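I have placed the structure first, in the form of structure tokens, so that the comments after it can refer back to it.
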Amino acid sequence: MSARFPVVRPRRLRRTPALRRLVAETRVRPEDLILPMFVKEGIGEPNPVSSMPGVVQHTRDSLRAAAKEAAEAGVGGLMLFGIPEFKDERGSAADDPGGIVQQALRDLTTDLGDDIVLMADLCLDEYTSHGHCGLLTPTGEVDNDATLERYAAIAVAQAAAGVQVVGPSGMMDGQVGAIRAALDRAGYTDVAILAYAVKYASAFYGPFREAAEGAPRFGDRTGYQQDPANVRESLREVELDIAEGADMVMVKPGLAYLDVVAKVAEQVRVPVSAYQVSGEYAMVEAAAERGWVDRERAILETLTAFRRAGAGQILTYWATEAARMLR
Ligand code: PBG
């Protein structure tokens, strides 16, 4: 064998940090990140979420402070989830002008204006006494079309409170079209829709159900969320949502579905977001607590993987911390 072999040496470009930075194909920027936040009505102190170390259910005041920190760190957007004091069958608090998310949206609009994009999750599971994402029929099925009217009312209430982007996450058929029509009718033509277009029925939402207090009281969500076995179905969901007026589409969960992110990003011309969900967060935090993975490296590696797969925006509970690391 010749002494000059091999001629091609990929390691040449990996030799120094500067070389590696120069040839990096993917970058994560603070403004790519969206921070999901929980705000709960009627509590005096922020309430830690035990299965998500570092995440809390905010009071209105603590939400304002944390939102300001996120904006200062350069985070691109906030996604609000509300937990009402009282729940009922219809989730009445969701579209109450005095409801917790509407109050929080007004607070944050006052504090932050256009400095950060204000988004709100649009669903009913946190608001209904039964914990399902829609209204129920007398036999306990989720009633798709009756639910659409509720979603339309929530969208208008959030828009009136200052939301810039609504994020419908309930996986009802026709939800994007119904919300678009309602927003337009009410004069909110500039409010955008980030559709949770692809949402699998996933075990990785486990910790979220504690954080948002939205676990179904009976049954599960497999009748409306997608089967993890499918990917062509996801492309169909995305096409439908774009046809109905989605401005951006999301794939959720993230890490176990990066193939789906990649396929969707190839197929569509709207921004594609991915949601690094509560269970993904909890897995890394739990392993890091035991010293089994390097926490910061694992966080940045997963975020990079989302971008490499084709996600433009990443919803992550680490958004503020990661934004600081990336600066
Ligand atoms: C439903 C909703 C869920 C999540 C976001 N929106 C839970 C579910 O569908 O059961 C999960 C987010 C996460 O796990 O971080 N409103």
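List of remarks:
- Selection of region 145-162 for residues being under 14 Å from residue 173 (Cα atoms), more than 16 Å from the ligand (Cβ to nearest atom) and touching a residue at least 40 places away in the same chain (Cβ under 8 Å) yields an empty set.
- Of the residues making up region 39-95, those that are hydrophobic (A, V, I, L, M, F, W, C), within 25 Å of residue 129 (Cβ to Cβ) and in contact with a Leu (Cβ under 8 Å, 6 or more places away or on another chain) are 39, 63, 79, 80, 94.
- Odd one out for residue 127 among (1) more than 16 Å from the ligand (Cβ to nearest atom); (2) among the hydroxyl-bearing types (Ser, Thr, Tyr); (3) crowded, with 21+ Cβ neighbours inside 10 Å: (1)
- Total residues in region 1-45 satisfying the condition of being outside any strand (DSSP E or B) and under 21 Å from the mean Cα position of the chain (by Cα): the figure is 7.
- Residue 178 part of a strand (DSSP E or B), small (Gly, Ala, Ser), over 24 Å from residue 108 (Cβ atoms) and in contact with a helix residue (DSSP H, G or I) (Cβ under 6 Å, 6 or more places away or on another chain): no
- Selection status of residue 245, assigned to a loop (DSSP other than H, G, I, E, B), surrounded by 15 or more Cβ atoms within 10 Å (Cβ to Cβ) and more than 17 Å from the chain's Cα centre (by Cα): yes
- Out of 215, 229, 201, sole residue that is surrounded by fewer than 22 Cβ atoms within 10 Å (Cβ to Cβ), within 20 Å of residue 279 (Cβ to Cβ), aliphatic (A, V, I, L, M) and more than 12 Å from the ligand (Cβ to nearest atom): 229
- Subset tally (residues that are surrounded by 18 or more Cβ atoms within 10 Å (Cβ to Cβ) and among the acidic types (Asp, Glu)) for region 76-95: 1
- Test: residue 56 is within 17 Å of residue 213 (Cα to Cα), modelled with pLDDT of 95 or more and under 18 Å from the mean Cα position of the chain (by Cα): yes
The values are calculated or read from the model by the stated rules, or taken from the named source; none is laboratory data. Quick caveat: nothing in here was measured; it's all calculated off a predicted structure. Glycine also receives a Cβ, built like all others from the backbone with ideal geometry; neighbour counts cover every protein chain displayed.
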